[in-house]
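Below: one structure, written as structure tokens.
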Amino acid sequence: MTESKTDVAALAPPVLILLGPPGAGKGTQARMLQQRYGLVQLSTGDLLRSAVAEGSEAGKAADKVMKSGGLVSDDIVIAILRDRLAEPDTTKGVILDGFPRTTVQAEALDDLLAESGQQIDAAISLEVDDEAMVHRIAGRYSCGECGEGYHDSFKQPKVEGVCDVCGATNMKRRADDNAETVAERLSAYHRQTAPLITYYEKRGALQRIDAMGPIDEIATTVSRAVSKAAKD
Ligand code: AP5
């Protein structure tokens, strides 16, 4: 791999978006980019699940929608993301995982970044077919402590039930990873989020990646895309 941390350091601080349907591998690739480049993964799905666990007003409103597989209202998600972007660690650069998901969110993101003189460096679209996506979601689980992701077929921990990263043994599966909710999440993606591919393409910020191969191969291609964004 010829991509280097130096290339990415040229983006100061980088703002990368990972687009893709549920199960495309956004979270998996975002964590790998985080480890490789020291960027911060910002997953609106994770932020919303934390709000639900805390029982905040936003969390209560989000909970019902997430269980149905629909999209949480733009107002709630944008407010959560704005607060998270204001935290000091984000000055290292961020990978947005699962945001934006609507044109309203994309425009709000442009405005938020403009406040600090920033803009998007790349929107990377992970492209998978619907059948593979359902299979990926059905076998997914993660570490309850550090969030490292695993899969029944594609990525098992070295010791069954023990997280490779932190050694915890409390693996968990997501409540919205059931067949009915996944069908609605997929439909919401095609209806409301897929149009963002054209939105970023028109701005010359889009990079499409065939995300059907093995995780490590896709990671190499994603790193190449990040490096290209740094050089453009
Ligand atoms: P969110 O948490 O963002 O879920 P999602 O978009 O549905 O995406 P997933 O987390 O399911 O998949 P992923 O692409 O990250 O795949 P992963 O890497 O885990 O959102 C959940 C809900 O929150 C939404 O439905 C909505 O209600 C709400 N929400 C969140 N953001 C919102 C927003 N901005 N606006 C409104 N509402 C919002 O991979 C999946 C599995 O496959 C893993 O097990 C992994 O190990 C495996 N895998 C990954 N890559 C590969 C590969 N190449 N080959 C084989 N297996 C692979």
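Determine whether the stretch 112-126 contains at least one residue that is outside any loop (DSSP other than H, G, I, E, B), crowded, with 16+ Cβ neighbours inside 10 Å, near the ligand (Cβ under 9 Å from one of its atoms) and not aromatic (F, W, Y). Within the stretch 112-126, one or more residues are outside any loop (DSSP other than H, G, I, E, B), crowded, with 16+ Cβ neighbours inside 10 Å, near the ligand (Cβ under 9 Å from one of its atoms) and not aromatic (F, W, Y). What is the one condition in (1) in contact with a Pro (Cβ under 6 Å, 6 or more places away or on another chain); (2) assigned to a loop (DSSP other than H, G, I, E, B); (3) within 10 Å of the ligand (Cβ to nearest atom) that D164 does not satisfy? Here D164 clears every test but (3). Please pick out the residue among T198, T221, T193 that is among the hydroxyl-bearing types (S, T, Y) and farther than 17 Å from P100 by Cβ. That would be T221, the only listed residue that is among the hydroxyl-bearing types (S, T, Y) and farther than 17 Å from P100 by Cβ. Out of A168, A106, A132, one residue alone is open to solvent by less than 80 Å² (accessible area, probe 1.4 Å), closer than 16 Å to G27 by Cβ and aliphatic (A, V, I, L, M). It is A132.
Kindly establish whether D210 is within 13 Å of the ligand (Cβ to nearest atom), touching a residue at least 24 places away in the same chain (Cβ under 8 Å), open to solvent by 60 Å² or more (accessible area, probe 1.4 Å) and within 28 Å of E107 (Cα to Cα). Yes, satisfied. Apart from one condition, D177 fits all of (1) farther than 24 Å from K67 by Cα; (2) open to solvent by less than 60 Å² (accessible area, probe 1.4 Å); the exception is (1). Can you find even one residue in the stretch 39-55 that is small (G, A, S), free of Cβ contacts under 8 Å to residues at least 12 places away in the same chain and open to solvent by 40 Å² or more (accessible area, probe 1.4 Å)? The answer is yes, given that some residue of the stretch 39-55 is small (G, A, S), free of Cβ contacts under 8 Å to residues at least 12 places away in the same chain and open to solvent by 40 Å² or more (accessible area, probe 1.4 Å).
The values are calculated or read from the model by the stated rules, or taken from the named source; none is laboratory data. Keep in mind it's a predicted model, so treat the numbers as computed, not measured. In this analysis, Cβ positions are derived from the backbone assuming ideal geometry, glycine residues included, and neighbour counts consider all displayed protein chains. Surface accessibility is based on the protein's heavy atoms, side chains included, excluding ligands, DNA and RNA. Shrake-Rupley method; radii C 1.70, N 1.55, O 1.52, S 1.80 Å.
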